[in-house]
Amino acid sequence: MMDIGKKIIDKLYYGPSFTFVDEIIKVDDEGIVGSYTFKENESFYESHFPDMPVTPGVIMIESLGQIGVVCYFIYIMMTENGIEDFSNIKPAFTSCEIDFFKPVFPGEKVTVKSRKIYFRLKKLKCYAEMTNNKGEIVCKGHLSGIYLES
């Protein structure tokens, strides 16, 4: 049987240059934990503070959203609804309120821990934290998403 984390990542619909999830470490009915290493050659580092590259906050939010909302949505849909074919279902990020505390540099691995607040009426709201290699919180806050059917 295929590992559930790999199965979830395989269902993501982002292209390789815009996927900010490497691994799903843990997932259950209460939340999800995943990680991503920001590669030193990511295109945004070229122009985002060229003398001292740092990961843009919007990209950190994207990683939080991809792991903490989209991957978790996929898990919920697979386990609660038995859906395997995601060709007509697309989780969509809708809102966030995030506070930033530390920068994330090229080559740094981050871990995202997301806890479900609620899932109802096609909407998922979570509280998520991103930590660095040292276990320090780099950003945290609330994220929401819905899923669209085509």
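Things worth noting here:
- Count Lys and Arg as plus one, Asp and Glu as minus one, and take only other residues whose Cβ is under 9 Å from that of THR55; the net charge is then -2.
- Hydrophobic, long helices, defined as DSSP H runs whose alpha-carbon span along the helix axis is 30 Å or greater and whose mean Kyte-Doolittle value is at least 0.5, do not occur in the chain.
- Within-11-Å neighbourhood charge of VAL138 [Cβ basis; K, R +1; D, E -1]: -1
- Virtual spin-label span in nm between LEU148 and LYS125, 7 Å along Cα→Cβ: 2.2 nm
- The chain - mean residue ellipticity at 222 nm from DSSP helices (-39,500 (n - 2.57) per run, n ≥ 4, rounded to 500): -5000 deg cm²/dmol
- Of all the options VAL21, VAL110, VAL54, the one that moves most in a Gaussian network model of the chain with Cα springs shorter than 10 angstrom is VAL54.
- Between the entries (i) -0.21, -1.63; (ii) -0.37, -1.27; (iii) -0.21, -1.45, the label attached to log10 I(q)/I(0) by the Debye sum over Cα atoms at q = 0.08, 0.22 Å⁻¹ calculated for this structure is (iii).
- Rounded to 0.05, the FRET efficiency of the LYS6 and GLU80 pair, given R0 = 25 Å and the Cβ-Cβ distance, is 0.80.
- Stretching the chain fully between PHE105 and GLU23 yields a gain of 27.6 nm (0.36 nm per residue, less the alpha carbon separation).
- If you take all other residues with their beta carbon under 14 Å from the beta carbon of PRO106, and give Lys and Arg +1 and Asp and Glu -1, the sum is -3.
Every number here is computed from the coordinates shown, using simple stated rules; none is lab data. Everything quoted here is computed from the prediction, not taken from an experiment. Counting neighbours? That spans all protein chains shown, and the Cβs are built from the backbone with ideal geometry, glycine included.
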